[in-house]
Amino acid sequence: MTTSSSTHSFFQKKDVLHYGLLALLLIVILPLSMDIFRLNLVGKYLTYAFVAVSLVLCWGYGGILSLGQGVFFGLGGYAMAMYLKIEASSPEATAIQSTPGIPDFMDWNQLTELPWFWEPFHSLGFTVLAILFVAPLFAYVIAVAMFKRRVGGVYFAIITQAIAAIITILIIGQQGYTGGVNGITDLRTLAGWDIRSDYAKYVLYFLCVGCLFAVLLLSQFVMKSKLGRLLVAIRDREDRVRFSGYDVSNFKIFIFCFAAMLSAVGGAMFTLQVGFMSPTLVGIVPSIEMVIFCAVGGRLSLIGAVYGTLLVNAAKTTMSEAFPELWLFAMGALFIGVVLAFPNGLAGVYITLKEKLFSTLSSSESKTKPPVDKPAAESKAAIPNASPANPS
Amino acid sequence: MPNKDFVLSVEGLTVSFDGFKAVDDLSFYVDEGEIRVIIGPNGAGKTTVLDLICGRTKATDGSIKFRDQEFTRMKEHEIVHAGVGRKFQTPSIYEDLTVFENLELSYPKGHGVFGALMFKRDAAVINSVHEIAEMIFLKDHLYQRADLLSHGQKQWLEIGMLLIQDPALLMLDEPVAGMSIAERKLTAELLNRITQDRSVLVIEHDMQFVEDIAHRVTVLHQGKLLSEGSLEHVKNDPKVVEVYLGH
């Protein structure tokens, strides 16, 4: 946020630096220093970053803690997977099935034709629209039902968690339509282009990075608009916002739907890069993991969420390779530790360090001037809330 | 009574919380340009009356007419758009935002989702914010975070947030509570200036302050109207003396 109204634009000098560094890391350093297996893994983590960024918007700024973001990730991922699965289930490729031309798991479940809601996924155009709009539509239904009735805070978090559980059970239960607990696997081509080759993995990695930057910039625009400041205001004093003439529920509905859309894009990128989609990415555990990524990165920093996701996942991979049974405890401890010691996550630590450096520099530069607390006020405004883990 | 001259007509207003009538068959009328002070002992229902008018609490019965709009069925933000501003008892501001941003958010433009997304901080907004900031003595604190302000300054900021909306009816719940003597004086000055061309409904305990600003006084007791008129009249009303001033 700005200290002067004249410099109030959504992209500032320091943002160029921050985005530039992230781009350098993701576009140059990682692809040059990693083999394709590791890079593909980074690509997978980056798809979680979409969700972490979406949580910065609705939890960090809007104060709406969603413990069911995995649902939206899953809706995007499944939409992509359905398209890819239909393409992988051509009559020639599935000639050995009792009903050729339908996905293998349907055949195993004695289905003899493609269910009606699978039909539109023959079209790539429809699939892209479904990825972008099904999740926000579902989010809209939830949000209208909750926010118009002024359900919020912890109650909302619990309800989103229940929805994540329900959707998981639904997917597992409807095996013939969804692939059940195994999910939708054995995906091969995207419009005839093999997504399993090393070359395709490179292309998809860069596509994922590109989408992530698009999402970051779009989110940055939303947060730097008046709507972003309104969300902070709603988080702090919902009543006051109402009496300033705003219909608070509309703003909450908007940001929740927007966050759902970002998560769904992440889900679609996951399916493309990893080559399957399953209910293990939809339920309560992944949804809460996403909240941890966001908290570690700093729930008020869009870019912090990306770093947080990468770091926690890197730690997860290293730790779970070495001590598989200890990992979950380490993750829990990490979350508690971060919330207690660094309520604003990595981004908070970064800003505090920068502030210290800045104040030592400026005090050594100008001893004559009385200390003005303008830089301090500015950086505090960038991290508006210091209260730990307070969802409402 | 004809209500064309009144900015606000409250008639037969009743609200009951689980059988307890916090406001009971209350009627009063506020003229255009009038400063009305509501007084009464603790629990008389003063704040509830303001809550009812601004839509925070829904009335069980009765009517609240603002010019020709019926408020009892309207939502909070619609009531604000109709021209009513409300100040809460404890300063209710956005502490994580700067003074400028607090005022800017209260500026009556861009109230829809897409309006807010596309909102431009143009010259009209900036001028308006500066003008109000000057008026509420916060010109030098525009870019300070609101939680760093003193209690009195926060009260002023909230008054400023109402002023920028330019409401026809201003409702203030104990505007000078917790203020120092100096701040109190400034606030009385401020209120005298801003109440020129609008109607004001004030809840206040400080009798000196009431005397300074009130045109008429309404006394509430246990949710009912006890007495109404000039401060002089009310002060000498034996019923009022008994329940309120006498103790």
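Coordinate-derived values only; no laboratory data. This structure is a prediction, so every number in the text was calculated from the model and none was measured. Every residue, glycine among them, receives a Cβ derived from its backbone with ideal geometry; neighbour counts consider all protein chains shown.
Okay, here's what the table says:
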| read-out | value |
| --- | --- |
| Value in Å of the Kirkwood radius, where the protein assembly as shown supplies the Cα pairs that are averaged | 27.6 Å |
| Sequence-distant aspartates and glutamates (8 or more away, or on other chains) whose Cα lies within less than 16 Å of B:LYS75 | A:GLU238, A:ASP239, A:ASP247, B:ASP51 |
| Alpha-carbon Debye profile of the range A:9-382, log10 I(q)/I(0) at 0.11, 0.13 Å⁻¹ | -0.80, -1.08 |
| Net charge over other residues, Cβ less than 14 angstrom from the Cβ of B:ILE126 (K, R count +1; D, E count -1) | 0 |
| Per-peptide average of other Cβ atoms within 10 Å, ordering B:52-60, A:52-60 highest first | A:52-60, B:52-60 |
| Length-normalised contact order of the range B:93-166 in % [C-alpha pairs under 8 Å, at least 6 apart] | 52 percent |
| Extension gain, A:LEU207 back to A:PHE117 (0.36 nm per residue minus Cα-Cα distance, nm) | 29.6 nm |
| Whole-Å distance, taken between Cα centres, linking the range B:44-67 and the range B:195-239 | 18 Å |
| Normalised contact order of the range A:9-382, rounded percent, pairs of Cα under 8 Å and 6 or more residues apart | 30 percent |
| Angle in degrees between helix A:248-274 and the longest Cα principal axis of chain A, rounded to the nearest 10 | 50 degrees |
| Calculated SAXS-style log₁₀ I(q)/I(0) at q = 0.21, 0.22, 0.32 Å⁻¹ - the range A:274-313, Debye, Cα scatterers | -0.65, -0.69, -0.93 |
| Rounded to the nearest 20 debye, dipole of the range A:9-382 from Cβ charges on Lys, Arg, Asp, Glu | 1820 debye |
| Extreme residue, positive dipole direction of the range B:93-166, given options B:ILE159, B:TYR143, B:PHE119 (C-beta unit charges) | B:PHE119 |
| Shielding by other protein chains, B:124-130, mean Cβ within 10 Å | 1 |
| Ranked packing of A:242-249, A:228-235, B:78-85, most packed first, by mean Cβ within 10 Å | A:228-235, A:242-249, B:78-85 |
| Whole-angstrom gap from the range A:147-182 to the range A:301-335, using each part's C-alpha centre | 25 Å |
| Bins of 10 Å from zero: percent of alpha-carbon pairs in the range A:237-287 | 21, 34, 21, 17, 8 |
| Net lengthening on full extension, B:ASP212/B:HIS130 (0.36 nm per residue, minus Cα-Cα) | 26.7 nm |
| Computed over the range A:143-235, Kirkwood Rh from alpha-carbon pairs, angstrom | 17.6 Å |
| Cβ neighbours within 10 Å from other chains - mean over B:85-95 | 4 |
| Anchor A:LYS44: lysines whose Cα lies under 21 Å away (excluding residues fewer than 8 positions away in-chain) | A:LYS85, A:LYS201, A:LYS316 |
| For B:136-146, mean number of other protein chain Cβ atoms within 10 Å | 2 |
| 222 nm mean residue ellipticity, helices alone, for chain B (DSSP H n ≥ 4; -39,500 (n - 2.57); rounded to 500) | -9500 deg cm²/dmol |
| Protection proxy ranking, peptides A:112-119, A:100-107, A:78-85, average beta carbon neighbours within 10 Å, highest first | A:78-85, A:100-107, A:112-119 |
| Folded to 0 to 90 degrees: helix B:151-163 orientation relative to chain B principal axis, Cα | 90 degrees |
| Scattering profile of chain B at q = 0.09, 0.10, 0.12, 0.17 Å⁻¹ [log10 I(q)/I(0), Debye over alpha-carbon scatterers] | -0.40, -0.49, -0.71, -1.33 |
| Taking all pairs of distinct alpha-carbon atoms in the range B:93-166, Kirkwood radius in angstrom | 12.2 Å |
| Beta bridges per DSSP with both ends in the protein assembly as shown, % antiparallel, nearest 5 | 60 percent |
